[in-house]
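Just below is one structure, and these are the notes that go with it.
The values are calculated or read from the model by the stated rules, or taken from the named source; none is laboratory data. Everything numeric here is computed off the predicted structure, so don't read it as measured data. When we count neighbours, we look across all protein chains shown, and the Cβ atoms used for this are built from the backbone with ideal geometry, even at glycine. We work out accessible area using only protein heavy atoms, side chains counted, and drop any ligands, DNA or RNA first. Shrake-Rupley method; radii C 1.70, N 1.55, O 1.52, S 1.80 Å.
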Amino acid sequence: VWAFVFDMANRRNVTIVWAAGNNNVFAGLDPSKRCSTTIRVTAVDERLKKADFSNYGNLPEYNVSMATIAAPGVNIFGAKPYNTFDIGPGTSFAAPIVAGAVALMKSVNPDITNTQIIDILQRTGKPINGDSRIGNLIQIRDAVDAAKQLRSQSDANRSNLPQPPQDAGTRR
């Protein structure tokens, strides 16, 4: 089922952003988090270290990369039921930060693919010192700038293609 969902989403250029989970275990245990075209978000704390609860997914010694990107996930201000607010932890707080960044990337480049988004997030992200088990820390401005630059390159490539001849008359 997950393969069907992921394939359909990818073909329609829908980006799936997952919270990696909060059990301090390998995120790839969950079959829903194994697709290469979805984004798996781990959490960092205020010191920009892996949050002690955050699931992880990168095991470089085994060439496994299941954590796409990291975002703040500790002491995040959020809404609660009954029009109240509180501060809380979790990868569920980190994932919306990344989803918002993806939306900004798509706003400047609507044709950007999931593969390109993931590449940009990982390439522009800041490595977490001393912990390669989680994704790089998201750098939103750099990711949006890279998405914009990618669109500019695509537009330039399209403008260099031979154009069909202009027909002066109209046909009916």
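Yes or no, residue by residue, for (1) β-branched (Val, Ile, Thr); (2) touching a Leu at 6+ places or on another chain (Cβ under 8 Å); (3) part of a helix (DSSP H, G or I); (4) open to solvent by 80 Å² or more (accessible area, probe 1.4 Å):
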position: Ala79; (1), (2), (3), (4): no, no, no, yes
position: Val98; (1), (2), (3), (4): yes, yes, yes, no
position: Ala101; (1), (2), (3), (4): no, yes, yes, no
position: Met105; (1), (2), (3), (4): no, no, yes, no
position: Asn129; (1), (2), (3), (4): no, yes, no, yes
position: Arg141; (1), (2), (3), (4): no, no, yes, yes
message: If a residue must be outside any loop (DSSP other than H, G, I, E, B) and crowded, with 18+ Cβ neighbours inside 10 Å, how many such residues does region 15-32 contain?
response: 6
- request: Taking the options Pro72, Pro60, Pro89, name whichever one is touching a helix residue (DSSP H, G or I) at 6+ places or on another chain (Cβ under 7 Å) and either over 26 Å from Ala147 (Cβ atoms) or not charged (D, E, K, R) (or both).
  value: Pro72
task: For residues that are open to solvent by less than 50 Å² (accessible area, probe 1.4 Å) and more than 18 Å from Leu121 (Cβ to Cβ), tally how many sit in region 33-54.
output: 3
Matching residues in region 33-77 - criterion: being touching an Asp or Glu at 6+ places or on another chain (Cβ under 7 Å), of a type in the set (Gly, Ala, Ser) and not in a loop (DSSP other than H, G, I, E, B): none
message: Of the conditions (1) open to solvent by less than 50 Å² (accessible area, probe 1.4 Å); (2) within 17 Å of Asn24 (Cα to Cα); (3) of a type outside the set (Gly, Ala, Ser); (4) in contact (Cβ under 8 Å) with a residue 40 or more places away in the chain, Val74 satisfies every one except a single condition; which number is it?
response: (4)
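Could you tell me which residue of region 28-53 is farthest from Ala94 (Cα to Cα), considering only residues that are of a type in the set (Gly, Ala, Ser) and modelled with pLDDT of 95 or more?
Quick first cut of region 28-53, residues of a type in the set (Gly, Ala, Ser) only: 28, 32, 36, 43, 51.
After this cut, where a residue has to be modelled with pLDDT of 95 or more as well, the list is 43, 51.
Values: Ala43: 6, Ala51: 11 Å.
Filtering region 28-53 for residues that are of a type in the set (Gly, Ala, Ser) and modelled with pLDDT of 95 or more, the one farthest from Ala94 (Cα to Cα) comes out as Ala51.
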Residue pairs meeting the criteria (Cβ under 6 Å; at least 6 apart or on separate chains; first closer than 11 Å to Ala70 by Cβ, in region 115-130; second of a type outside the set (Asp, Glu) and in a helix (DSSP H, G or I)): Leu121/Ala143
- request: Among the residues of region 97-112, write down those that are out of contact with any helix residue (DSSP H, G or I) (no Cβ under 8 Å at 6 or more places or on another chain) and touching a residue at least 60 places away in the same chain (Cβ under 8 Å).
  value: Ala99
Region 1-27, subset under 24 Å from Lys126 (Cα atoms) and modelled with pLDDT under 90, residue farthest from the chain's Cα centre (by Cα): Phe26
- request: Quickly run through region 81-96 and pick out the residues that are part of a loop (DSSP other than H, G, I, E, B), open to solvent by 10 Å² or more (accessible area, probe 1.4 Å) and not polar (S, T, N, Q).
  value: Pro81, Tyr82, Pro89
